[in-house]
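Rule-based calculations on the coordinates, nothing more; no lab input. Nothing here was measured: the structure is a model prediction, and the numbers come from that model. Heads up, the Cβs are rebuilt from the backbone with ideal geometry, glycines too, and the neighbour counts pull from every protein chain shown.
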Ligand SMILES: Nc1nc2c(ncn2[C@@H]2O[C@H](COP(=O)(O)OP(=O)(O)O)[C@@H](O)[C@H]2O)c(=O)[nH]1
Ligand SMILES: [Mg+2]
C-alpha cells in the first residue's frame, strides 16, 4: 500500500474528531448550522445576501466565510445584515477544515445566534472530504455550470443533505437539461432535498427560507 494513504486517513480522522467538538460547541449553544459548498461563482454569497433580509427580525445569524484570500464575502454578508461576519483566509487551501472553523467559532459568542451559515471555499472536490461539524451540508449547483456536474463530481453530490439549484433565471438561455441533471442526482443521493431558485429574480427563495426557519425551529 502506498505510504501516503495511511497519512491521509490520519489527517481525515483527526479532522473528524475536531468536527465532533465543533458540533458539540454549536449544538450546546442551541444554534443550527449549515455548511454551504459550491464551485466558485455558483452563488454562495449571493444566496447568503438574499437570505439574510428575509430572516430579519426572525433569526439572529452569524456568517463564517472561507476564502483563499480577501474579506470580500464577509463584508457582503455584514452589509446584508448578518449579526456577525467572520472571514477565514485559508492561505491557499482549497477547503475549510475543522481546525479553521474552530478558530472562527472561538471569536463568536455562540449563544447570541440562532443560525450559523458557513460559506466554504469555492471548490467541487475537496470540501466534501473535510467535515466541519455543522448540522447540514448544502451544495449549490448553478445552471450555467452545466447539467453534467453530478456525474463528474459524485463525491460532492453524494454527501449533502440539501441541494440548491441556483440561477434558474438562466434556464431559457443556456443548455441545461433539468431531467438529466436530476437523474444524476437521484442515483447518488435519492433523498436529497432540492431547492430550485434564482438569487437574481427571487423565485424559489421563499421555499428555501421556510426550510431554514423550520430547521432552526426543530433544533432543540
Ligand atoms: N443570473 C444570475 N446570476 C447570479 C445568480 N446568483 C448569483 N449570480 C451571479 O453569479 C456571480 C457569482 O456569485 P457569488 O454569490 O459571488 O458566487 P460564489 O463565488 O459562489 O460566492 C455574481 O456575478 C452574481 O451576481 C442568479 O440566481 N442568477
Ligand atoms: Mg462567495
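Find the centroid of the Cα atoms in segment 124-173 and in segment 1-75, then give the distance between the two in whole Å.
14
Please state the relative contact order of segment 4-218 as a whole percent: Cα pairs under 8 Å, 6+ residues apart?
For segment 4-218, the relative contact order is 25 percent.
Would segment 31-120 count as rounded, prolate or oblate if I go by the C-alpha gyration tensor, calling it rounded below 1.5 in a/c and otherwise prolate when a/b exceeds b/c, oblate otherwise?
Judged from the Cα gyration tensor, segment 31-120 comes out oblate (a/c at least 1.5, b/c at or above a/b).
Using just the Cα positions, wrap segment 4-218 in a convex hull and report its mean projected area in square nanometres, one decimal place.
For segment 4-218, averaging the hull's shadow over all directions gives 11.7 nm².
Rounded to two decimals, what is the ratio between the C-alpha radius of gyration of segment 104-220 and 2.2 N^0.38 Å?
1.14
Which order results if 48, 5, 64 are arranged by neighbouring Cβ count within 10 Å, fewest first?
Going from sparsest to densest Cβ surroundings: 5, 48, 64.
Could you please rank 117, 86, 7, placing first whichever residue has the fewest other Cβ atoms within 10 Å of its Cβ?
Going from least to most buried by this count: 7, 86, 117.
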